[in-house]
Amino acid sequence: MALVLLRTPSSYSPPSTTTPLLPFTTACRSPSRVPSSAGHWKRVRGLRIASGSGRGLALTHADTSGDLKEIRDCCTVWKWKDFDVNYLVKGKGPPLLLVHGFGASVGHWRRNIGVLSECYTVYALDLLGFGASDKPPGFAYTMEGWAQLILDFLDEVIKKPTVLVGNSVGSLACVIAASESNGDLVRGLVLLNCAGGMNNKAVVDDWRIKLLLPLLWLFDFLLSQRVIASALFERVKQRENLKNILLSVYGNKDAVDEDLIEIIKGPADDKGALDAFVSIVTGPPGPNPVSLMPKISIPVLVLWGDRDPFTPIDGPVGKYFSSLPSNLPNIELHVLPGVGHCPHDDRPDLVHEKLLPWLSSLPSMSEISTG
């Protein structure tokens, strides 16, 4: 992951056709208290949210970029171990919890919240260290810590059997949480390009990582030097560099808009963001999904973009997940053509096409309670 953050391609060719996307529904009618740490939201331009399901519509980019201000208005604060954790709740029905990936936040689900909230109660949270959640200086971030945050959120806030939907390291945090869950807190698992660990050091059996391992060690050493880490972080979060990084990991280049750049850049300016960056990139990779997936018996949907440079489908993590449906009957996998590391924002139409029928096929809440 750290190496990809340094990639800054100089140019790209936008697709020639309009990508069909599903729009948002209307915003929360009774907005909750907005976290005081969400000052970065104020810099996001307001955009009109369309209503209706939008199935089959080829909409323009302006129609579907999402109103991040309205997403903010659906957010409130949950106190977790003396830290403020920002989360969103919207809709009515069986609960879903959306968990973002590295550097992202609740806003990264801008193209999914409205559609999903038509039939489900959608929760989305900012993991500690990201978005509008606290970024405590000197905090040691771990995959296990994020998984515990998810489990505590299910237990204290949602209090119902929930489907976890995660992207990248958010997926891995959901896998860990599901594998450690006691009782019926987790009723299903959706993994969008699941990470092999908190950083690249987890995937040492990939020949590409083996070749770069000395460089990764050097990178970790450089990040341990505060002046160097600060200079590197300032460079990474520059708007043009962020745009180039995002263009390198998205298949649909039209999805890389100004809102997306602000979703990543805004929280990166918060106090403690540098400490979070260094801790995550240099810290322990955490549990490997290879050892965890066989422990999970609940239904699992795996969606994988085939143009992912972080966890490529032909890499060890991608190959492992590709092999699971033939060995574990509870797992369903779909490879999404032309899609990068963040399928839900890259091509939400393809994600919803697979996700919505899968969700509707799950046992009902009444069946779970009487089962």
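Quick look at the values:
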read-out: Cβ-based net charge around K237, under 13 Å, with every Lys or Arg adding one and every Asp or Glu removing one; value: -1
read-out: Packing rank of 147-153, 96-102, where each peptide gets the mean count of other beta carbons within 10 Å, highest leading; value: 96-102, 147-153
read-out: Environment charge of N112, counting only residues whose C-beta is closer than 13 Å and scoring Lys/Arg +1, Asp/Glu -1; value: 0
read-out: Per principal axis, descending, Cα span of region 87-143 in whole Å; value: 41, 18, 17
read-out: Reach of K69 by Cα under 15 Å, taken over aspartates and glutamates that are not fewer than 8 positions away in the same chain; value: E258, D259, E262
read-out: Loop-resident sites, region 216-309, for trypsin sites (Lys or Arg not before Pro), counting at most 16 other Cβ within 10 Å (DSSP); value: K271
read-out: Net lengthening on full extension, S230/K159 (0.36 nm per residue, minus Cα-Cα); value: 21.5 nm
read-out: Over 25 Å between alpha carbons, listed pairs K135/K243; K159/K295; K237/K354; value: K237/K354
read-out: Around S168: net Lys/Arg minus Asp/Glu count, Cβ-Cβ under 15 Å; value: -3
read-out: Rg over Rh, two decimals, region 65-369 (C-alpha only, Kirkwood Rh); value: 0.93
read-out: Charge dipole of region 65-369 about the Cα centre (unit charges at C-beta), most positive-ward option of S248, L96, G183; value: S248
read-out: Segment F139-S323, length gained on full extension (0.36 nm per residue, minus Cα span); value: 62.6 nm
read-out: Cross-link reach list, aspartates and glutamates versus K92, counting only Cα pairs under 18 Å and skipping chain neighbours closer than eight places; value: E70, D73, E118
read-out: Average accessible area per residue (Å²) across region 65-369 - probe 1.4 Å, nucleic acids and ligands excluded; value: 35 Å²
read-out: In nm, spacing of pseudo-spin labels at L292 and Q238 (7 Å Cα→C-beta vector); value: 3.6 nm
read-out: Region 65-369, accessible surface, carbon-and-sulfur percent (1.4 angstrom probe); value: 56 percent
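The values are calculated or read from the model by the stated rules, or taken from the named source; none is laboratory data. It should be emphasised that the depicted structure is a prediction, and the values quoted were computed from it without experimental measurement. Here the Cβ is made from the backbone with ideal geometry for all residues, glycine too, and neighbour counts use every protein chain on show. Note: accessible area is taken over every heavy atom of the protein model, side chains too, but ligands, DNA and RNA are not part of it. Shrake-Rupley method; radii C 1.70, N 1.55, O 1.52, S 1.80 Å.
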